[in-house]
Amino acid sequence: MLKLYTYFRSSASYRVRIALNLKGLAYEAVPVHLLRDGGQQHAAAFTALNPTALVPVLIDGAATLSQSLAIIEYLEETHPEPAVLPKDAAGRARVRALAQTIACEVHPLDNLRVLRYLELQLGVDADARKVWYRHWVELGFAAIERMLVEDARTGRFCHGDTPTLADCCLVPQLFNAERFGVPLEPYPTIRRIGEACGGLDPFRRAAPQAQPDAE
Ligand SMILES: N[C@@H](CCC(=O)N[C@@H](CS)C(=O)NCC(=O)O)C(=O)O
């Protein structure tokens, strides 16, 4: 059986949980507590699997995979249906661009280790860290809102009427934004898509509060 090293609140793990559920793939969840014991992602047993000390990691037989987008693309190649990437090259590029706007432009700046570095190494206080967090989410969400509104390929979901890799990334980022109190009024399309996804069982079962390690 597939094995996923995950943390309930990790949005990169949440992306992979959604994709696994959309594809109907059963997996064993192995919790990695990102705060306990100084962060279990730094334990030698975990960095042997992923030297970057980040979750998620997916184990599929002899294959040990890291990076959520690479993992989801792997799942797409090994279990093509139901697809989370469109059939046409331009559609795939659009979905990947939406996904990477979140995974490459927003999320890395607001990751736990970045916030901790601001706090512990640079002495940035809690209010300023919140301003930092919001800034990168707002910049990314403003761009994504436009990418969605200004493109006729946006449907019930980010691209058409079935969930794609873009929705796998958008929903966890939306969850994080709400958790950090980012005002979401300026992003009606993102909110509408978030609600559409929230109505689907694969998304509900992937949510942080539905995880065995939820606190
Ligand atoms: N680009 C990576 C990001 C992975 C990542 O940042 N994971 C976070 C949780 S969402 C993590 O493990 N953080 C641990 C830390 O910051 O020490 C991916 O998409 O898998």
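The values are calculated or read from the model by the stated rules, or taken from the named source; none is laboratory data. Everything quoted here is computed from the prediction, not taken from an experiment. Because the Cβ atoms are built from the backbone with ideal geometry, glycine has one as well, and the counts that use them run over all protein chains shown. We work out accessible area using only protein heavy atoms, side chains counted, and drop any ligands, DNA or RNA first. Shrake-Rupley method; radii C 1.70, N 1.55, O 1.52, S 1.80 Å.
Restricting attention to the stretch 144-159, does a residue exist that is within 14 Å of the ligand (Cβ to nearest atom) and in contact with a helix residue (DSSP H, G or I) (Cβ under 6 Å, 6 or more places away or on another chain)? Let's see the steps before the verdict.
First, the residues of the stretch 144-159 that are within 14 Å of the ligand (Cβ to nearest atom): none.
No, because not a single residue in the stretch 144-159 is within 14 Å of the ligand (Cβ to nearest atom) and in contact with a helix residue (DSSP H, G or I) (Cβ under 6 Å, 6 or more places away or on another chain).
Tally up the residues in the stretch 32-52 that are at positive phi and of a type in the set (D, E, K, R), please.
Looking only at that region, the number is 1.
Going by what's in this entry, would Pro82 be described as touching a helix residue (DSSP H, G or I) at 6+ places or on another chain (Cβ under 8 Å) and surrounded by fewer than 15 Cβ atoms within 10 Å (Cβ to Cβ)?
Yes; evaluated as a whole, the condition is true for this residue.
If you go through the stretch 3-11 one residue at a time, do you hit one that is small (Gly, Ala, Ser) and more than 8 Å from the ligand (Cβ to nearest atom)? Explain how you work it out, then say what you get.
First, the residues of the stretch 3-11 that are small (Gly, Ala, Ser): 10-11.
Imposing the further condition that a residue be more than 8 Å from the ligand (Cβ to nearest atom) reduces the set to none.
Within the stretch 3-11, none of the residues are small (Gly, Ala, Ser) and more than 8 Å from the ligand (Cβ to nearest atom).
When residues of the stretch 8-19 are filtered for being of a type in the set (Phe, Trp, Tyr) and surrounded by 24 or more Cβ atoms within 10 Å (Cβ to Cβ), how many remain?
1
Would you confirm whether any residue within the stretch 188-196 is part of a helix (DSSP H, G or I), of a type in the set (Ser, Thr, Tyr), in contact with a Leu (Cβ under 7 Å, 6 or more places away or on another chain) and closer than 30 Å to Lys87 by Cβ?
Looking through the stretch 188-196, at least one residue is part of a helix (DSSP H, G or I), of a type in the set (Ser, Thr, Tyr), in contact with a Leu (Cβ under 7 Å, 6 or more places away or on another chain) and closer than 30 Å to Lys87 by Cβ.
Could you please let me know if Pro163 is surrounded by fewer than 19 Cβ atoms within 10 Å (Cβ to Cβ) and outside any helix (DSSP H, G or I)?
no
For the stretch 69-80, indicate whether the set of residues that are in contact with a Pro (Cβ under 7 Å, 6 or more places away or on another chain) and within 13 Å of the ligand (Cβ to nearest atom) is non-empty.
Looking for residues that are in contact with a Pro (Cβ under 7 Å, 6 or more places away or on another chain) and within 13 Å of the ligand (Cβ to nearest atom), one finds at least one in the stretch 69-80, hence yes.
Of all residues in the stretch 23-75, which are farther than 24 Å from Glu215 by Cβ, in a loop (DSSP other than H, G, I, E, B) and open to solvent by less than 40 Å² (accessible area, probe 1.4 Å)?
Within the stretch 23-75, Lys23, Leu25 meet the criteria.
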